[in-house]
1. Need the failing condition index for R285 against (1) basic (K, R); (2) surrounded by fewer than 24 Cβ atoms within 10 Å (Cβ to Cβ); (3) under 29 Å from A374 (Cβ atoms), just the number.
2. I'm trying to understand the selection: among the residues of segment 189-209, which are buried (at least 20 other Cβ atoms within 10 Å of the Cβ) and either modelled with pLDDT of 95 or more or under 15 Å from the mean Cα position of the chain (by Cα) (or both)?
3. Touching a Leu at 6+ places or on another chain (Cβ under 6 Å), farther than 23 Å from S422 by Cα and not assigned by TED's automatic domain parsing to the domain that holds D419: is that true of A297 in this structure?
4. Check E391, E446 and return the single one that is of a type outside the set (V, I, T), outside any loop (DSSP other than H, G, I, E, B) and modelled with pLDDT under 95.
5. Only one of L86, L172, L160 is in contact with a Leu (Cβ under 9 Å, 6 or more places away or on another chain) and either crowded, with 18+ Cβ neighbours inside 10 Å or of a type in the set (A, V, I, L, M) (or both). Can you tell me which?
6. Within segment 353-371, is there a residue that is of a type in the set (V, I, T), outside any helix (DSSP H, G or I), out of contact with any Ser or Thr (no Cβ under 9 Å at 6 or more places or on another chain) and modelled with pLDDT of 95 or more?
7. Against the condition touching a Gly at 6+ places or on another chain (Cβ under 7 Å) and crowded, with 18+ Cβ neighbours inside 10 Å, how does A295 come out, does it pass?
8. How many residues, within segment 62-100, are farther than 12 Å from A157 by Cβ, charged (D, E, K, R) and outside any loop (DSSP other than H, G, I, E, B)?
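The values are calculated or read from the model by the stated rules, or taken from the named source; none is laboratory data. These numbers were taken from a predicted model, which means no experiment stands behind them. Virtual Cβ from ideal backbone geometry, glycine too; neighbours counted across all protein chains shown.
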Amino acid sequence: MSTRRAAAVIVFFAGAVLHAGHPVGVAQPKAPTLAAEAPESVSIRGPQQAQAPAQGEEPPWLTRLSSYAQQVTSHKPGELDTAARLAGFMGEVELGEVRTDLVAIVAICGRELSRSAKPETVTYRNASIPIADLRQMLDLTDDEAARGDAGRILKRAAVLHADVAMLVTPMLPGRIGCSSQSSLLVRDGNRIGVGCVDIHWVHSRLLLDAVRPDPAKDEFVRRWYVATATYLLESGSYANAKLHLDQARLLFRSDSEILFVRGYYAEAIASPHIQSVAQEQGADRRGARSYLEEAEALYGRAVKANPQFVEARVRRGNALARLGRAEDAARELRVAVTDARGRELRYFAELFLGQAEQSIGEAAAARRHFREAAALFPDAQSPLLALALLERQLGNRAGAQDAMKRVLGLPAGREASADPWSHYYRWQNMDFKTRFQALHAQLAGEEAR
């Protein structure tokens, strides 16, 4: 899967949304090839008032559903293929109609086939459709048709529209694919425009709400929410993430990974580059501390649900430190630092523990952890600046000067990624690509059964 990383962010507060990174839906690079490839039969604004079909003609709604089903079944997960491009031009009303028709007609099929006298056709919206034709059109198995179970198709459709939101909408001109809901686009702590609340995320969630018997007990649905939330948070699309996480909270209240991404969102909204704009625009009445307290509590619940969730411990430790609870932070981070796997996660654990130890007067331990962090990423300036400040506070002028010389000696043209702290609010130990690979593998496994 390939996608462009957002360079700006989108955030959502009461009545307003903020995004951070590359503008989505505003000042977007034009993509005339995508627009030119949109066939005339695909509506951008949604279907107009339908007229009754002539005798023997297929109803427009059935033609639309048949075309949509073909897009769903032919799409290759993670790819910017023809199916994704076509789906990207569907309007909000059109998406709502095909979603309703799909769920309803499969349910009716199951109801009719449960009768003792098996009918050859089903009737829906004043149209009689042969069950054999319906099964072929929707790619239903005998068992799915008999049970009226559209779950596999709904899951496939949710994957398709996630790909549309990630790969197609960012390339479309204007606000195609965006809802009318307002949002703020933020870069480097400044408002630069309006962001995009994507209708395809909304459609995907509504599709999965229809999974039976219960989407809250379906592992694929849970993984879909974790993978897509990870993408939205890493991309800085906080407006879309908020709506996403509100629904995830209703479905998976005590799941450790859902608790984690909810905490991640709250911690990100508490960050200075978001709060500066939120306060300036009057878009946030809560303030950074309220979001930090929420993040700390959610990370704490994630750790309680899964004591081996080291990344949640690391981020909880940072939140505790920012709340002024340095002793609690140090206790949490001492556990995390011994179990942290991966250079970046270990770096954050060492850096945050050094700061917590410094705050409670454990200078030797703080120095040791700052040096460990610096050793993991030699071109990172954050642990070196922390060392310089520590030595200065201790009155060790030579030590402070030595640390600052190392900062000044860092390569001038180094990448921002040389210091993981530069992307702390846009990074997770398991990135969205890895999560989507696992999600696609699970879908393939379910379809192979």
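1. Tallying (1) basic (K, R); (2) surrounded by fewer than 24 Cβ atoms within 10 Å (Cβ to Cβ); (3) under 29 Å from A374 (Cβ atoms), R285 fails exactly one: (3).
2. Within segment 189-209, C196, V197, D198, I199, H200, W201, V202, H203, S204, R205, L207, L208 meet the criteria.
3. Here the answer is no, as A297 does not meet what is asked.
4. Going through E391, E446 in turn, just one is of a type outside the set (V, I, T), outside any loop (DSSP other than H, G, I, E, B) and modelled with pLDDT under 95: E446.
5. Exactly one residue qualifies, and that residue is L172.
6. The answer is yes; a qualifying residue exists.
7. Details: touching a Gly at 6+ places or on another chain (Cβ under 7 Å): yes; crowded, with 18+ Cβ neighbours inside 10 Å: yes.
The answer is yes for A295.
8. 5
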